[in-house]
Amino acid sequence: MLRAILPIALTATLAAETPHWPQFRGPEGAGLAKTAAPVDFGPNRNVAWKTAIPTGHSSPVIVGDRIFLTGEEGGKKSAADRDKIVTDGKLVTFCLNRRTGAILWRRELPRPRLEKYQPTNSAASPSVASDGRDLYVFFGDFGLISYTLDGKERWRKPLGPFNNVNGHGSSPLVSGNKVYLICDQDTDSYLIALDKATGKTAWKVERPEVTRSYSTPAVYRPKNGAAELIVPGAYLLTSYDLETGQRLWWVRGQSWQPKSVPVVVGDTIYAHGWESGGEAEAPTETPEFAEILKAWDKNGDRKVSKEEFQDPKFARGFVNTDLDSNGSLDEREWENFRARRSSRNSLVAVRGGGRGDITSTHVKWSMQKFLPNVPSPLVHEGVLYLIKDGGVLSAVDAESGKILKQGRLNGALDTYYASPVAAGGHVYFLSQQGKATVVKAGAEWEQVATHDFEEEAYATPAVVEGRLYLRTKGHLYCFAAPAK
């Protein structure tokens, strides 16, 4: 019984005293390590250990002397029928010893379905979350499941199936006595909070105004007032009351398909979204639904089928516009299409504390260019770092939005999925092709080193007690600086 009634404050204290990187991007999802990390490392240099692991994109989560990751095995699709599972697939959660890299335990889940995935995604993209005592794991092909740190199942909460053409990417977040998960998709989007002790739904909020996204939420704790859950979404950045799910405020003008995590620094929230087609200076004008019905609805059913489309520039994007995949567009789908065509890529710095639509009152600054596709922003000592595909690194003044320095990472002109992390005065970047680059932090950042792992990488590194943990497609590395 003692475990069940241990006060939350004491639990938080115990977790804080343990070396930890408890969720995607570490404490508060900020990507900031408390200690330095090796700068000189590589596949054969300063390797403390290296362990072969299953395929997956989730990032390492660390609690004490244990590392937690997810992976997938099997579950391949037939070439003739992409929705048919022709091998029994498994969804795997596993635990490694942080000191040695030995796998301590693994737990398998059946794979009742196969979501659609683009080639650069996987069934094991969401990262584990932990409160320091238990684990919370999400698979888009299954739902949520909770384990103890020793791998004993506590509860499971099946969710889905989800209507998300690129597969899921949102990781769970645990705060207080609840676990939170964004379940945005092309139809029936929602935000859910579960009791972390039982897995029962505490509250659920429908989000009909948004479609697919791949973001993980963040917690904003104002100086005065209740804590808030900051949730990126298609076209909107929204705040909800952490305890009740009440919608508090929102900022319009975000891009379609957000993928990065919001970063909270004091009373400022930094959030960004990028999608191809959202870089034009002016919004794209698109006819209203009544106009296209009049022009194209030949059979009078108040829908427009693919065959009825008269404009080829619209027809090319039909698969992304037909949200329920029924072969025709209704008014909601067309309005989403209009919003998508008029949305702009944007990074915003928002002052918290508002209510309702705060787009014109609480946005401190915004920028539309040089933005990443997937990687989240990093804010370290007043400088905001952005890594764009092609290895374009921007240092931005976090207070004003002024660009301080821009340049390409030599030897790493690549695509980026992993988010940057900071440790000991350096910032670490990891490209899709496995190029790990270290820069000296600051407004006038300086590239220090680039190390080639010659293996694809999608996960964000973790840093705990001076060690760097880096996941590639088939391995987890631990790097430690040589003893002086």
*Segment residue 201-residue 288, extension gain: residue separation times 0.36 nm, minus the distance between their alpha carbons*: 27.5 nm
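If R0 is 30 Å, what FRET efficiency do you get for residue 118 and residue 483 from their C-beta distance, rounded to 0.05?
Values: r = 44 Å, r/R0 = 1.46.
Efficiency for this residue pair is about 0.10.
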*Scan around residue 346 for amide H atoms under 5 Å from its own, H built in the peptide plane at 1.01 Å from N, and keep only partners 5 or more places away or cross-chain.*
255, 273
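Extension gain residue 415-residue 335, at 0.36 nm per residue separation less the Cα-Cα distance, in nm? Don't jump to the answer; show the numbers that get you there.
Numbers: separation 80, 0.36 × 80 = 28.80 nm, distance 3.17 nm.
Separation in residues times 0.36 nm, less the Cα-Cα distance, equals 25.6 nm.
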*What is the spin-label model distance, in nm, from residue 247 to residue 319 if the labels are put 7 Å beyond Cα along the C-beta direction?*
3.1
_As a footprinting exposure proxy, order 325, 366 by other Cβ within 10 Å, with the fewest listed first._
325, 366
*Measuring from label point to label point, each 7 Å out along Cα→Cβ, what is the residue 360 to residue 307 span in nm?*
4.7
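Taking R0 as 41 Å, what's the FRET efficiency between residue 106 and residue 44 from their Cβ-Cβ distance, rounded to 0.05? Provide the component values of the computation, followed by the final result.
Values: r = 27 Å, r/R0 = 0.66.
Once the sixth-power term is evaluated, E becomes 0.90.
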*What size of dipole, in debye to the nearest 20, comes out for the chain about its Cα centre when the only charges are +1 on Lys and Arg C-beta atoms and -1 on Asp and Glu C-beta atoms?*
1120
*Describe numerically, in nm with one decimal, the distance between label points set 7 Å from Cα along Cα→Cβ at residue 65 and at residue 52.*
2.6
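No lab work stands behind these numbers, since they all come straight from the coordinates. Predicted model, so just to flag it, every value in this text is computed and none were measured. For neighbour counting, all protein chains shown are included, and Cβ atoms are generated from backbone atoms with ideal geometry for every residue, glycine included.
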